[in-house]
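Worksheet: the structure to be examined is printed underneath.
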Amino acid sequence: MKNNTFKLILIALVTLVSLGAIWPTWRDHVLTEKLKSFRSGQDSLKFALDHRTEIEQAKEKSLKLGLDLRGGMHLVMEVDVLDLIEQKAWNKDANFTRIMGNVKSEASRFSGATMVDLLAAQFQKENIRLSRYFYDIRDSDKEIVSRLKKEEQDALTRAREIIRNRIDQYGVAEPVIQTQGSQRLIIELSGVTDEARVRKLLMGTAKLEFRLVKDPKMLLRAIQRVASVPLQAKAVTAPPPADTAAVSVPGTVATVPDTAPANTKRLTDVIGMMENGVVYVPAYARDLVVSVLKRDDVAALLPQDTQLLLAAKPEVTVKGEKYYPVYLVRKTPELTGGVITEARATFSAQDSQPEVLMSMNEEGTSKWARITGANIGKQVAIVLDGGVYSAPVVQSRIPSGNSVINGIGDLDEAKDLEIILKAGALPAPVKILEERTVGPSLGSDYIRAGMFSMIWGFTAVALFMIVYYSKAGIAADMALVLNILIVISVLAGFSAALTLPGIAGIVLTMGMAVDANVLIYERIREELAEGKSLRMAVDAGYSRAFSSILDSHVTTLAAAFLLYVYGVGPIQGFAVTLMIGTGASLFTAIVVTRVLFDLFLDSKFMDEKSFG
Amino acid sequence: MRLFQKTNFNFIRHRKIAYAISMALLLSGIVSLFVRGLNYGIDFKGGSEVVIRFEKPVEVGVVRSIMDQAGVKGSVKQFGMDRSLLLKTDYQGETTALKALILNSLGTRLPANSASILSLQAVGPSIASDMKLSAIKALGAALIGILLYVSIRFEFKFAAAGVVAIFHDVLTVLGLFSLLGGLIDFMPLEVDQSIIAAFLTIAGYSITDTVVVYDRIRERLRGQKPSEYERIFNESMNQTLSRTIITSGTTMLSVVILFIFAGPAIRSFAFAMFAGILVGTYSSIFVAAPIVFDWQSRSKNPIKLRGS
């Protein structure tokens, strides 16, 4: 047939392009196997150096595997927009706190709405103008809402950039960091081995502050004021084991006497004091005390503009007991981390403990010089994310803008601190909403399972078609091969990752792709039964089956598309392969098998009996 | 080879029986949905899932009691892979702490059988409720989209009956999940993201079979009198019976392969697909076309079909 020339060229082109897109994946596989096959490391290194560009190119263009197959970490993080809004507000009073509380509880019920809208709605309900707390008093609610929304958007973008910086410096290959909606970030990291460390690195707001430490007398007075605060009943349900409760730190004069009834524990029960005036909290009670100190009613008891903070790291006694010193610091920081320009993790010259050296910008340098000059002999606490790392006594005025964080556990932690300080502080705290981690060993199990199902799926479907439709089945099978080729090549070509659900999508597509052929063949059988000639029956089969094929493909495509739009992560992988497969099957079933039939008919390979 | 030679079933005459079967299926599903509810996965409920692999085979009961004593509340089941267990808990705190808790307690209690964590998934409650919302949106949008498309390609009655059939299929599978959820060890039948994927695929696929039948009815119906409708409906359904079943058959073949080979993570999905395709094939013959027929015989307007 004359118009087949064009179709044949088209098919050849599609096949070639597909093979071309899959070629790097094959090369990558071959090269990796070859590298593994060398006996000595020297040989394999030599080979790798000789074929460096080839290896790199193949790797870059080869089919990417999803996190579930390769192993890695998928995280959904949320920027705490409420915190950001609170930062922007001034004049905060009890009313404001109450409304923010309402917004918070609303937010947990209606997910999806932006915080700013919820906030505006709450203020409207209370009939309070937003300008009372935000920006200029003359601004209208609408202006404020749009400005806050911009802040929200900026904060998310900034958070993404900062997190990208941190990940880049930590060193993860091909990280994916996307924003979703108004306050979420989706982060995909492949091949991460130390998830706990990465999590900490991502979450660290790195709010660095230099704060003046109040003198011990004031600390003592402050402790006395809050001593009788009850620890919340809920928090005490799990009392610490008796032996750790009675911590005896050497040098203890007296723990404040226990006057409260046993079941309503008070703060004094978990705070102790040493003879040198150091106030401490035993390790088991740390989280509890931190949360109690955060309570507004507790904060109100303290002297003006002061705050009780715990050390970030515990001190360890000779007996191996851990306790956290407590500091009373000025609430207003003297200087914040924004002035830090450079940070470097190193070991201290004196005691070879890890530490982080920091230098400041001009503004910070002059402020730091003034602060240190004015407070010689006093302690300045270096506070990171609410924990006191160290509180050195100022010996002299520091004009250089240098400072140091010590009291760090190990070098890894120091390095992470360096990264976080260099990348900058997050605009608002972030929290992890969703975490999916797959280890590489499970991933390779999934790959094996996926390969098995692809091979068996293909074998089963292909065999069925030949058994049921004999020679016509061969055409359908050839189309099926091309279909799979197209799906994989499109994935590789567009750098879309193959996931386990994606493989499921391919296997499912195999079953669905031959559907179009089934519809055509059944129609051809019918036409043959009516006594039409083979060529006429084939023509009629194709043209009459076309409308059902189109309808069924369109509906499947639509469903897959919706799945892609509303689905998350690996499910999108399924949707993508299903879409590509369905699209490809329109082409393979209608164009490819048609051309094959024409060729078969011309070459007398097929006759009336060839449709089984 | 031919599985169906010339068939001559009177589908339309016996449609009431089919309706009764469908109603029974749906009712038992709905009752179960109300009584037993659904077994939601962590995607929609929030919580954590941890896959633990041991070096040597281990009793599920032993691990369960160790976890109980460690204060990890939840369930421990076989994961469907060698020496692997799936621990589910509603724990939503810091995953580092959860990991440490699991490994420490297993390490002290089973020192001779080292355990490692293969995968860990933790979903917070706010994400879970978002995912639920997106799932409902996706299903709703799919149904509306299909309704519109089939209305344009055929006629509203056909489209509506097709959507009823989809509802029928999805609800039946959902009912099945509710009835069997948590009862079978090697497939938990939890409703999670992958099941939503299955539902959407079922929706798309259910209409595929239906359209094949519709297409033939449309072709045969042109210029016929309403009195001939019953015969035409029956003949069309018989003529398309073979292709309806073979198309479903090939897809079911690949779904069965998935069920057997693709591992525990895909098994519930494959089960949902299998049930969905089965019910979908049934419904396109016994639900969609008969509804169109009943609706048509009650309305005064003759069928005005678009397209070819």
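The values are calculated or read from the model by the stated rules, or taken from the named source; none is laboratory data. Note that the coordinates shown come from a computational prediction; the quantities given were computed from them, not determined experimentally. Backbone-built Cβ (ideal geometry, glycine too); neighbour counts: all protein chains shown.
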(message) Among the numbered criteria (1) within 11 Å of another protein chain (Cβ to nearest Cβ); (2) more than 20 Å from residue A:437 (Cα to Cα); (3) part of a loop (DSSP other than H, G, I, E, B), which one does residue B:82 miss?
(response) (2)
(request) From B:232, B:266, B:245, B:260, grab the single residue that is of a type outside the set (D, E, K, R) and either in contact with a strand residue (DSSP E or B) (Cβ under 7 Å, 6 or more places away or on another chain) or buried (at least 24 other Cβ atoms within 10 Å of the Cβ) (or both). (result) B:266
(request) Kindly indicate the residue of segment B:129-159 that is more than 10 Å from chain A (Cβ to nearest Cβ) and of a type in the set (Gly, Ala, Ser) and also surrounded by the fewest Cβ atoms within 10 Å (Cβ to Cβ) among those meeting that condition. (result) B:151
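Of these, B:41, B:46, which one is surrounded by 15 or more Cβ atoms within 10 Å (Cβ to Cβ), of a type outside the set (A, V, I, L, M, F, W, C) and in contact with a Gly (Cβ under 8 Å, 6 or more places away or on another chain)?
Numbers: B:41 fails: in contact with a Gly (Cβ under 8 Å, 6 or more places away or on another chain).
After ruling out the rest, the residue left standing is B:46.
Out of the residues in segment A:306-338 that are of a type in the set (A, V, I, L, M, F, W, C) and surrounded by fewer than 20 Cβ atoms within 10 Å (Cβ to Cβ), state the one that is nearest to residue A:404 (Cα to Cα).
Only one residue tops the list, namely A:312.
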(request) Residue by residue through segment B:169-190, note down the ones that are of a type in the set (A, V, I, L, M, F, W, C) and in a loop (DSSP other than H, G, I, E, B). (result) B:183, B:184, B:186, B:187, B:189
(message) For segment B:241-266, which positions are of a type outside the set (A, V, I, L, M, F, W, C), touching a helix residue (DSSP H, G or I) at 6+ places or on another chain (Cβ under 6 Å) and more than 8 Å from every other protein chain (Cβ to nearest Cβ)?
(response) B:244, B:248
(request) Please work out which one of (1) in a helix (DSSP H, G or I); (2) in contact (Cβ under 8 Å) with a residue 60 or more places away in the chain; (3) surrounded by 18 or more Cβ atoms within 10 Å (Cβ to Cβ) is the condition residue B:11 fails and give its number. (result) (1)
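From the list B:114, B:105, B:119, exactly one residue is in contact (Cβ under 8 Å) with a residue 12 or more places away in the chain, more than 9 Å from chain A (Cβ to nearest Cβ), closer than 28 Å to residue B:41 by Cβ and not aliphatic (A, V, I, L, M). Which is it? Please lay out each step first, then the result.
Numbers: B:114 fails: closer than 28 Å to residue B:41 by Cβ; B:119 fails: more than 9 Å from chain A (Cβ to nearest Cβ).
Just a single option satisfies the conditions, and that option is B:105.
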(request) Please state which of the following conditions residue B:283 fails to meet, knowing it meets all the rest: (1) touching a residue at least 40 places away in the same chain (Cβ under 8 Å); (2) within 14 Å of chain A (Cβ to nearest Cβ). (result) (2)
(request) Please give the number of the condition residue A:545 fails out of (1) of a type outside the set (Ser, Thr, Tyr); (2) surrounded by fewer than 24 Cβ atoms within 10 Å (Cβ to Cβ); (3) within 14 Å of chain B (Cβ to nearest Cβ); (4) over 30 Å from residue A:450 (Cα atoms). (result) (2)
(message) Restricting to segment B:218-268, count the residues that are small (Gly, Ala, Ser), assigned to a loop (DSSP other than H, G, I, E, B) and touching a residue at least 40 places away in the same chain (Cβ under 8 Å).
(response) 1
(request) Identify, by number, the condition in (1) facing chain B (nearest Cβ under 10 Å); (2) under 34 Å from the mean Cα position of the chain (by Cα) that residue A:427 doesn't meet. (result) (1)
(message) For segment A:563-602, give me each residue that is surrounded by fewer than 22 Cβ atoms within 10 Å (Cβ to Cβ), assigned to a helix (DSSP H, G or I) and within 9 Å of another protein chain (Cβ to nearest Cβ).
(response) A:565
(message) Against the definition (in a helix (DSSP H, G or I) and closer than 26 Å to residue B:285 by Cα), how does residue B:3 come out, yes or no?
(response) no
(request) Out of the residues in segment A:277-301 that are assigned to a loop (DSSP other than H, G, I, E, B) and under 17 Å from residue A:388 (Cβ atoms), state the one that is modelled with the highest pLDDT. (result) A:278
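Do we find that residue A:483 is closer than 23 Å to residue B:204 by Cβ, of a type outside the set (D, E, K, R), within 10 Å of chain B (Cβ to nearest Cβ) and surrounded by 24 or more Cβ atoms within 10 Å (Cβ to Cβ) in this structure? Please lay out each step first, then the result.
Values: closer than 23 Å to residue B:204 by Cβ: yes; of a type outside the set (D, E, K, R): yes; within 10 Å of chain B (Cβ to nearest Cβ): no; surrounded by 24 or more Cβ atoms within 10 Å (Cβ to Cβ): yes.
Considered against the rule, which asks whether it is closer than 23 Å to residue B:204 by Cβ, of a type outside the set (D, E, K, R), within 10 Å of chain B (Cβ to nearest Cβ) and surrounded by 24 or more Cβ atoms within 10 Å (Cβ to Cβ), residue A:483 comes out as no.
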(message) Take residue B:112 and tell me if it is part of a loop (DSSP other than H, G, I, E, B), modelled with pLDDT under 85 and either within 21 Å of residue A:194 (Cα to Cα) or not basic (Lys, Arg) (or both).
(response) yes
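Taking the condition under 30 Å from residue A:204 (Cβ atoms), of a type in the set (Ser, Thr, Tyr), surrounded by 14 or more Cβ atoms within 10 Å (Cβ to Cβ) and touching a Ser or Thr at 6+ places or on another chain (Cβ under 6 Å), does residue A:182 pass? Don't jump to the end; show me each part of the working.
Details: under 30 Å from residue A:204 (Cβ atoms): yes; of a type in the set (Ser, Thr, Tyr): yes; surrounded by 14 or more Cβ atoms within 10 Å (Cβ to Cβ): yes; touching a Ser or Thr at 6+ places or on another chain (Cβ under 6 Å): yes.
Yes.
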(message) Condition first: among the hydrophobic types (A, V, I, L, M, F, W, C) and farther than 30 Å from residue A:73 by Cβ. Can you find one or more residues in segment A:576-584 that meet it?
(response) yes
(request) Grab the strands (runs of 3 or more DSSP E) fully contained in segment A:147-228, keeping just those with 3 or more residues being more than 30 Å from residue B:99 (Cβ to Cβ). (result) A:208-212
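Output the residues belonging to segment B:102-120 that are among the β-branched types (Val, Ile, Thr) and surrounded by 15 or more Cβ atoms within 10 Å (Cβ to Cβ). Give the derivation first.
Step one: list which residues in segment B:102-120 are among the β-branched types (Val, Ile, Thr), which gives B:102, B:108, B:117.
Within segment B:102-120, B:102, B:117 qualify.
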(request) Identify, by number, the condition in (1) without any contact (Cβ under 8 Å) to a residue 24 or more places away in the chain; (2) surrounded by 20 or more Cβ atoms within 10 Å (Cβ to Cβ) that residue A:219 doesn't meet. (result) (1)
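Take segment A:450-463 and flag every residue that is within 7 Å of another protein chain (Cβ to nearest Cβ), in contact (Cβ under 8 Å) with a residue 24 or more places away in the chain and among the hydrophobic types (A, V, I, L, M, F, W, C). Lay out the reasoning, then the answer.
Filtering segment A:450-463 down to residues within 7 Å of another protein chain (Cβ to nearest Cβ) leaves A:450, A:452-453, A:456-457, A:460-461.
Cutting the leftovers down to in contact (Cβ under 8 Å) with a residue 24 or more places away in the chain gives us A:450, A:453, A:457, A:461.
Residue satisfying the conditions is A:461 alone.
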(request) Go through (1) modelled with pLDDT of 90 or more; (2) in contact with a Phe, Trp or Tyr (Cβ under 6 Å, 6 or more places away or on another chain); (3) within 9 Å of chain A (Cβ to nearest Cβ) one by one and return the number of the condition residue B:198 breaks. (result) (3)
(message) Can you list the strands (runs of 3 or more DSSP E) lying wholly within segment A:339-424 that have 2 or more residues being surrounded by fewer than 21 Cβ atoms within 10 Å (Cβ to Cβ) and among the hydrophobic types (A, V, I, L, M, F, W, C)?
(response) A:340-347
(request) Output the residue which, of all residues in segment A:564-612 that are over 30 Å from residue B:129 (Cβ atoms) and among the hydroxyl-bearing types (Ser, Thr, Tyr), is nearest to the chain's Cα centre (by Cα). (result) A:582
(message) Restricting to segment A:187-218, name every residue that is of a type in the set (Val, Ile, Thr) and within 11 Å of chain B (Cβ to nearest Cβ).
(response) A:198
